[in-house]
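Some notes on the structure that comes next.
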Amino acid sequence: QVQLVESGGGLVQPGGSLRLSCAASRSIFSFYVMGWYRQAPGKERELVAAITRAGTVNYSDSVKGRFTASTDNAKNTVYLQMNSLKPEDTAVYYCKLTSSSGLYYWGQGTQVTVTS
């Protein structure tokens with residue numbers, strides 16, 4: 001079992017930046033994929049960024065060039081640096097860790113609101 005705690009969300013103006021953190025209760029080194037998802041009101045949850053154990057990072061087209069996902073294995077933490085934020089980035093952001101056996105764990109989510 002793994003507990004994930006997200007933090008770093010908040011209210012920001014368009015063009016601003018936030019850094020989200022997802023702290024795991026144990027080592028993340030063994031996980032196969034570490035992902036960030038978001039869900040806006042009335043919409044389905046969507047993948048924002050995913051980091052594989054090999055270090056490959058994939059981004060959705062809507063955030064490519066603005067968001068950067070990374071990990072700190074020493075701190076058991078996954079990050080999402082979000083720059084040039086837009087109102088359409090407003091959503092609850094979740095991290096998800098998936099093991100090589102297919103087990104997965106979700107965090108509780110953190111609200112990001114982009115508004116002037």
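The values are calculated or read from the model by the stated rules, or taken from the named source; none is laboratory data. Worth saying up front: this structure is predicted, and the values here are computed from it rather than measured. So basically every Cβ, Gly included, is an ideal-geometry build from the backbone, and we count neighbours across all protein chains shown. When the accessible area is computed, the model is the full protein with side chains, heavy atoms only, and any ligands, DNA or RNA have been set aside. Shrake-Rupley method; radii C 1.70, N 1.55, O 1.52, S 1.80 Å.
Here are some notes:
- Cross-chain or 6+ apart pairs with Cβ under 9 Å, region 98-116 first and touching a residue at least 12 places away in the same chain (Cβ under 8 Å) and of a type in the set (A, V, I, L, M), then open to solvent by 40 Å² or more (accessible area, probe 1.4 Å) and assigned to a strand (DSSP E or B): Val112/Leu11; Val114/Leu11
- Any hit, region 72-79, residues being in a loop (DSSP other than H, G, I, E, B) and more than 11 Å from the chain's Cα centre (by Cα): yes
- Against the criterion of being crowded, with 18+ Cβ neighbours inside 10 Å, among the charged types (D, E, K, R) and part of a strand (DSSP E or B), Arg19 does not qualify.
- Glu88 being under 23 Å from Gly10 (Cα atoms), touching a Ser or Thr at 6+ places or on another chain (Cβ under 9 Å), modelled with pLDDT of 95 or more and loosely packed, with under 15 Cβ neighbours inside 10 Å: yes
- Test: residue in region 31-54 that is touching a residue at least 60 places away in the same chain (Cβ under 8 Å) and assigned to a loop (DSSP other than H, G, I, E, B): yes
- Restricting region 55-71 to residues that are under 20 Å from Gln111 (Cβ atoms) and either assigned to a loop (DSSP other than H, G, I, E, B) or touching a Lys or Arg at 6+ places or on another chain (Cβ under 6 Å) (or both), the residue that is least open to solvent (accessible area, probe 1.4 Å): Val63
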